[in-house]
1. Of all residues in segment 1-19, how many are within 16 Å of Y104 (Cβ to Cβ) and among the aliphatic types (A, V, I, L, M)?
2. Inspect segment 43-52 for any residue being out of contact with any Cys (no Cβ under 7 Å at 6 or more places or on another chain) and closer than 17 Å to S24 by Cα and give the result as yes or no.
3. Quick check on segment 58-75: of everything there that is touching a helix residue (DSSP H, G or I) at 6+ places or on another chain (Cβ under 9 Å) and closer than 15 Å to R44 by Cα, which residue is surrounded by the fewest Cβ atoms within 10 Å (Cβ to Cβ)?
4. Inspect segment 90-106 for any residue being polar (S, T, N, Q), surrounded by fewer than 14 Cβ atoms within 10 Å (Cβ to Cβ) and modelled with pLDDT of 95 or more and give the result as yes or no.
5. Among the residues that make up segment 76-83, is at least one of them among the small types (G, A, S) and open to solvent by less than 10 Å² (accessible area, probe 1.4 Å)?
6. So, in segment 1-12, how many residues would count as being aliphatic (A, V, I, L, M) and surrounded by 13 or more Cβ atoms within 10 Å (Cβ to Cβ)?
7. Go through segment 13-57 and give me each residue that's open to solvent by 20 Å² or more (accessible area, probe 1.4 Å) and of a type in the set (S, T, Y).
8. Name the strands (runs of 3 or more DSSP E) wholly inside segment 17-115 in which the number of residues that are hydroxyl-bearing (S, T, Y) is 2 or more.
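The values are calculated or read from the model by the stated rules, or taken from the named source; none is laboratory data. None of these values were measured; they are calculated from a predicted model. In this analysis, Cβ positions are derived from the backbone assuming ideal geometry, glycine residues included, and neighbour counts consider all displayed protein chains. Each accessible area value is taken on the protein alone, full model and side chains, heavy atoms only, with ligands, DNA and RNA left out. Shrake-Rupley method; radii C 1.70, N 1.55, O 1.52, S 1.80 Å.
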Amino acid sequence: VQLQASGGGLVQPGGSLRLACAASGITFKIYNMGWYRQAPGKQRELVASISKGFTPEYGDSVKGRFTISRDNTKNTVYLQMNSLKPEDTAVYYCNGRNQFGADYWGQGTQVTVSS
């Protein structure tokens, strides 16, 4: 099983980034997928999730700025991040879970918002 995250980088405040997480080794369509982030000295927090039925949920700090989506034909979940703020700086992790207890994490991708 592999969750390969990509798309992180350095962006100025107010800018945008699109993260992607490509899954392999799982039946992607039965997994609820999520993006989490962890900033230095802070706990990992949920950024956004999307159910196997395509229902999205967002953390309060990103509502209205981030959009999660999934493409089951490509086994990929995306996170479109707009209006980025310095406080969005963190390592972003992809997660996949199913109703049978499987729980997988990707390796993380760094997002840095700075001028």
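1. Going through segment 1-19, the residues within 16 Å of Y104 (Cβ to Cβ) turn out to be 1-5.
Okay, now just the ones that are also among the aliphatic types (A, V, I, L, M), so 1, 3, 5.
Summing the residues that are within 16 Å of Y104 (Cβ to Cβ) and among the aliphatic types (A, V, I, L, M) in segment 1-19 gives 3.
2. In the first step, residues of segment 43-52 are kept if they are out of contact with any Cys (no Cβ under 7 Å at 6 or more places or on another chain); the result is 43-52.
Filter once more, so that each one left must be closer than 17 Å to S24 by Cα: 52.
Looking for residues that are out of contact with any Cys (no Cβ under 7 Å at 6 or more places or on another chain) and closer than 17 Å to S24 by Cα, one finds at least one in segment 43-52, hence yes.
3. Ranking the qualifying residues of segment 58-75, first place goes to S61.
4. No, segment 90-106 has no match at all.
5. Here is the first cut: in segment 76-83, the residues among the small types (G, A, S) are 83.
Filter again for open to solvent by less than 10 Å² (accessible area, probe 1.4 Å), leaving none.
Checking segment 76-83: not a single residue is among the small types (G, A, S) and open to solvent by less than 10 Å² (accessible area, probe 1.4 Å).
6. Looking only at segment 1-12, we keep the residues that are aliphatic (A, V, I, L, M), and these are 1, 3, 5, 10-11.
When the remaining residues are screened for being surrounded by 13 or more Cβ atoms within 10 Å (Cβ to Cβ), the result is 3, 5, 11.
Looking only at that region, the number is 3.
7. Result: S16, S24, T27, Y36, S49, S51, T55.
8. Working: elements: 17-24, 32-38, 45-50, 56-58, 66-71, 76-81, 90-97, 103-105, 109-113.
So the answer is 66-71, 76-81, 90-97, 109-113.
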